[in-house]
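Just so it is clear, none of the values below were taken in a lab; they were calculated from the coordinates. These numbers were taken from a predicted model, which means no experiment stands behind them. With ideal geometry, Cβ positions are generated from the backbone for all residues, glycine too; neighbour counts draw on all protein chains shown.
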Amino acid sequence: MNTILTTQCADAVGLIAKITGLCHQHNLNITRNNEFVDKQAQRFFMRTELTGEVNDNFLAQLKAQLPDGAQLALHSDEKTKVVLLATKEAHCLGGVLLKQFEQALNIEVQAVIANYAELAPLAAGFGVPFHVVSHEGLSRAEHDQQVGDLIASFNPDIVGLAKYMRILSPEFVARFEGKIINIHHSFLPAFIGAKPYHQAFERGVKIIGATAHFVNNELDEGPIILQDVTHVSHADTAEMMAKMGKDVEKTVFCKALQLASEHKLFINGNRTVVFS
């Protein structure tokens, strides 16, 4: 049986020895281990892949040996459950659905929820349930409540914003704290507002990129998970940049979901620890 143990706590002497020693006592074999210490914050992070039967009292015993407030979790190798939110742009949603179809992502997309119906045929082509929750005639709070209730009915591990063009209310973010992953069309902070690729074109940039990040109450200011770029030149128009940027967005978004599904992400204040 394969299990992943994730640990984060205040840093202290002998943490690795305590964790691995208890694994040995329980006859658990460590097949892979990653650890990191944030020296400034004095926080310890560790991801441990185990084989063997994990007893019910393992976590309680381990927590008793670690500093107060230690956050421990055991994860099976089952697929991570994901609900995707979308609006009208197809590239990120299509990229994830195709990767799932190819079994290239360790996720199960339970549903797609959108505020428009345009992408319903795309989801249907991959056999994924599609739900429209229109924002017409609703306040932001009312719409977020309806969308949130529908998401909660699936009890997902991750809520992925596949170019979901809605600003989320603080209540919505708090309801799914630490679970919402967004894809942004550039580095953060960068070109803000409408027509980002036209802004980039006017500035004569030589690279364009995308950023996947966790969502918090500050617009596009949540902990960054992953970033990537592609090179452009003076010969590329804003429209060409937009097409190239969409490819980067799709790739970064899929990679971020995969990292989450493999339990390689830790939120560390307004930053992240990302194990490869």
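If you line up the long axis of helix 15-25 against the longest principal axis of the chain, both from Cα atoms, how many degrees apart are they, to the nearest 10?
Compared with the principal axis, the helix lies near 70 degrees.
In percent, what relative contact order does the chain have, based on Cα pairs under 8 Å that are 6 or more apart in sequence?
Working: 508 pairs, mean separation 44.2, N = 276.
The normalised contact order for the chain reaches 16 percent.
Beta carbons within 10 angstrom, averaged per residue: use that to sort the peptides 159-165, 95-101, 241-247, 122-128, highest first.
Ranked from most to least packed, the peptides come out as 159-165, 95-101, 241-247, 122-128.
List the aspartates and glutamates whose alpha-carbon lies under 19 Å from that of K88, not counting same-chain residues fewer than 8 positions away?
Reachable aspartates and glutamates: E118, E136, D144, E239, D247, E249.
Excluding R175 itself, calculate the net charge of residues whose Cβ lies under 13 Å from the Cβ of R175, where each Lys or Arg counts +1 and each Asp or Glu counts -1. Write down the numbers at each step before the final one.
On the way: positive: K179; negative: D144, D149, E171, E177.
Taking every Cβ under 13 Å from that of R175, the sum is -3.
Residue by residue through segment 233-245, what is 3J(HN,Hα) from phi via Karplus (6.51 cos²θ - 1.76 cosθ + 1.60, θ = phi - 60°)? Round to whole Hz and write x for glycine and proline.
9, 4, 7, 8, 7, 4, 5, 5, 4, 4, 5, 5, x
How high is the relative contact order of segment 143-276, in percent, with contacts defined as C-alpha pairs under 8 Å that are six or more residues apart?
Details: 198 pairs, mean separation 29.2, N = 134.
Reported relative contact order: 22 percent.
Could you list which residues have their amide H under 5 Å from that of H263, counting only those 5 or more apart in sequence or on another chain, with H placed in the peptide plane?
When sequence neighbours closer than 5 places are left aside, there are no close amide H contacts.
Report, in whole Å, the centroid distance computed from the Cα atoms of segment 129-203 and segment 8-57.
35
Per residue, how big is the convex hull around the C-alpha atoms of segment 164-276? Give it to me in cubic angstrom, could you? List each step's numbers first, then the result.
Numbers: hull volume 11.3 nm³, N = 113.
So the per-residue hull volume is 100 Å³.
Compute the signed sum of charges (Lys and Arg +1, Asp and Glu -1) over the other residues within less than 12 Å, Cβ to Cβ, of H135. Provide the component values of the computation, followed by the final result.
Numbers: positive: R140, R166; negative: E136, E142, D144.
Residues near H135 contribute -1 overall.
Summing +1 for each Lys or Arg and -1 for each Asp or Glu, what net charge is found among the other residues whose Cβ lies under 10 Å from the Cβ of R32? Write out the running numbers ahead of the final one.
Details: positive: R47; negative: E49.
Here the count lands on 0.
Ignoring solvent entirely, what values of log10 I(q)/I(0) come out of the Debye formula for the chain at 0.11, 0.14 Å⁻¹ when each Cα is a single scatterer?
Computed log10 I(q)/I(0) values: -0.71, -1.05.
Does anyone have the angle between helix 91-101 and the longest principal axis of the chain? Alpha-carbon axes, 0 to 90°, nearest 10?
50
Let's see if you can work this out: charge +1 on each Lys and Arg Cβ, -1 on each Asp and Glu Cβ, no other charges. What is the dipole magnitude of segment 7-52 about its Cα centre, in debye to the nearest 20? Numbers along the way, then the final one.
On the way: 5 positive and 4 negative charges, 1 e Å.
Dipole about the Cα centre, nearest 20: 0 debye.
Suppose every K and R has +1 on its Cβ and every D and E has -1 on its Cβ; what is the size of the dipole of segment 74-212 about the Cα centre, in Debye to the nearest 20?
Using only the charged Cβ atoms, the result is roughly 500 debye.
Show me, for segment 128-144, the HN-Hα J-couplings you get by feeding each phi into the Karplus relation (A = 6.51, B = -1.76, C = 1.60, θ = phi - 60°), rounded to Hz, glycine and proline as x.
Running phi through 6.51 cos²θ - 1.76 cosθ + 1.60 with θ = phi - 60° gives 9, x, 10, 10, 9, 10, 5, 8, 4, x, 10, 6, 4, 5, 5, 5, 4 Hz.
For K18, go through the lysines and keep the ones whose alpha-carbon is under 23 Å away, minus same-chain ones fewer than eight residues off.
The qualifying lysines are K39, K63, K264.
Could you give the size of the charge dipole of segment 1-123 about its Cα centre, using +1 on the Cβ of each K and R and -1 on the Cβ of each D and E, expressed in debye and rounded to the nearest 20? Numbers along the way, then the final one.
On the way: 10 positive and 13 negative charges, 41 e Å.
Using only the charged Cβ atoms, the result is roughly 200 debye.
Per residue of segment 262-270, what does 6.51 cos²θ - 1.76 cosθ + 1.60 with θ = phi - 60° give for ³J(HN,Hα)? Whole Hz please, x for Gly and Pro, Karplus curve as stated.
Result, ordered by residue: 9, 6, 9, 10, 10, 7, 10, x, 9 Hz.
So for segment 149-276: antiparallel DSSP bridges make up what percent, rounded to the nearest 5?
Details: 15 of 18 bridges.
Here the antiparallel bridges make up roughly 85 percent for segment 149-276.
Just tell me which lysines come within less than 22 Å, Cα to Cα, of K206; anything on the same chain fewer than 8 places away is out.
Result set, ordered by chain and number: K195, K243, K246, K250.
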